[in-house]
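The values are calculated or read from the model by the stated rules, or taken from the named source; none is laboratory data. As the structure is a computational prediction, the values presented were derived from the model and not from experiment. Cβ placement follows ideal geometry from the backbone for every residue including glycine, while neighbour counts extend to all protein chains displayed. We work out accessible area using only protein heavy atoms, side chains counted, and drop any ligands, DNA or RNA first. Shrake-Rupley method; radii C 1.70, N 1.55, O 1.52, S 1.80 Å.
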Amino acid sequence: MIRERATVHKRIYPDFTKPGLKYTRLVLKALTLIIFFGVLTYTEYINFKYGPYKQPSTAGVKQLRGNYHVTEFKLNGQDIPYNQLDTVRWQEATFENWTTLTFKVNQPVVIDPSNGGGSPMHDIQRTFEITGVAGGQRAFHYYADTIDKVLYLQDKNAVALRRGRGGRGNRNRCGDAKKQPQDNWISKTAWQHIGDEKMMIDKRAWSTRRDREFAQKQREPKRNRMVLKYTTTDGSRVILTGINEHKDSIYIVLDRYNRNYILPKSTLVAGKY
């Protein structure tokens, strides 16, 4: 190209007729097929089944799963009747298959644009369900003490509290963690009942990354919290009592109903709960 001369390129054909090269090629080809189409396909299936991308992996309390009407709501002992314009009363609630309680109130919500941010191992950091969601929809991750029937809930939308709209003047940031006393909002006895979150998924879905992330001390941002005791027989009616994120006493009666969706349910379902 530089000297502008006619040139014929050389073609090199490897000779795989020799036994050493022939069997080496076959072994490498077989390993490539096994690793990329066998092992990786299996690991992707396990992740899809037990640790789906951005979707919380820990199963929620089976008795509580479902959609609920809020038939009774009391704040500090005062009954608040249903009113679409009320800014305190819950309008509806859902216990997801995983460890999330969602409910709707007539209040603006700061939109979280993070879309989960990578693939965190902690369920509270898997925020796909609140990304871009407004309309008063709230989502709280919970740890469940199924022995004493207590839910320890934290708001998944940490952005709202940092902007001063999720609580009453509480605007602490994660950078202030060193100034805060040790966080013991969940007692040691309750943690014994709850168990280790890392161990709450199928062992086949464990990974070095999961072990490493759970071993690290997390610097979690300040979040709104609730501690609610639940009572139910078969899940058709659930009664929640306790303290909400504003330190107010609440009493809530939830009645389950079957929600009719326009689209049929997909046969491909991520996560095993």
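For the range 235-245, the condition holds for at least one residue, the condition being that it is part of a loop (DSSP other than H, G, I, E, B), open to solvent by 30 Å² or more (accessible area, probe 1.4 Å) and farther than 21 Å from residue 125 by Cβ.
Restricting attention to the range 246-272, the residues that are of a type in the set (A, V, I, L, M) and surrounded by 17 or more Cβ atoms within 10 Å (Cβ to Cβ) add up to 3. Does the range 41-49 contain any residue that is more than 30 Å from residue 115 (Cβ to Cβ) and aromatic (Phe, Trp, Tyr)? Among the residues of the range 41-49, not one is more than 30 Å from residue 115 (Cβ to Cβ) and aromatic (Phe, Trp, Tyr), which makes the answer no.
For the range 127-156, the set of residues classified as touching an Asp or Glu at 6+ places or on another chain (Cβ under 7 Å), of a type in the set (Val, Ile, Thr) and surrounded by 17 or more Cβ atoms within 10 Å (Cβ to Cβ) consists of 127, 130, listed by residue number.
Of all residue pairs spaced 6 or more apart or on separate chains, those with beta-carbon atoms under 9 Å, a first member in the range 22-51 that is farther than 16 Å from residue 268 by Cα and a second member that is loosely packed, with under 11 Cβ neighbours inside 10 Å are 25/14. Taken together, the residues in the range 212-234 that are part of a loop (DSSP other than H, G, I, E, B) and of a type in the set (Ser, Thr, Tyr) amount to 1. If the condition is being under 21 Å from the mean Cα position of the chain (by Cα) and touching a residue at least 40 places away in the same chain (Cβ under 8 Å), then the range 257-273 contributes 270, 271, 272, 273. When residues in the range 20-42 are screened for being more than 30 Å from residue 52 (Cβ to Cβ), of a type outside the set (Ser, Thr, Tyr) and open to solvent by 90 Å² or more (accessible area, probe 1.4 Å), 3 of them pass. From the list 111, 124, the one residue that fits, being under 20 Å from the mean Cα position of the chain (by Cα) and crowded, with 16+ Cβ neighbours inside 10 Å, is 124. Say we look at the range 190-214 and pick out the residues that are within 15 Å of residue 119 (Cα to Cα) and over 18 Å from the mean Cα position of the chain (by Cα); which of these is most open to solvent (accessible area, probe 1.4 Å)? Per the criteria, the residue is 212.
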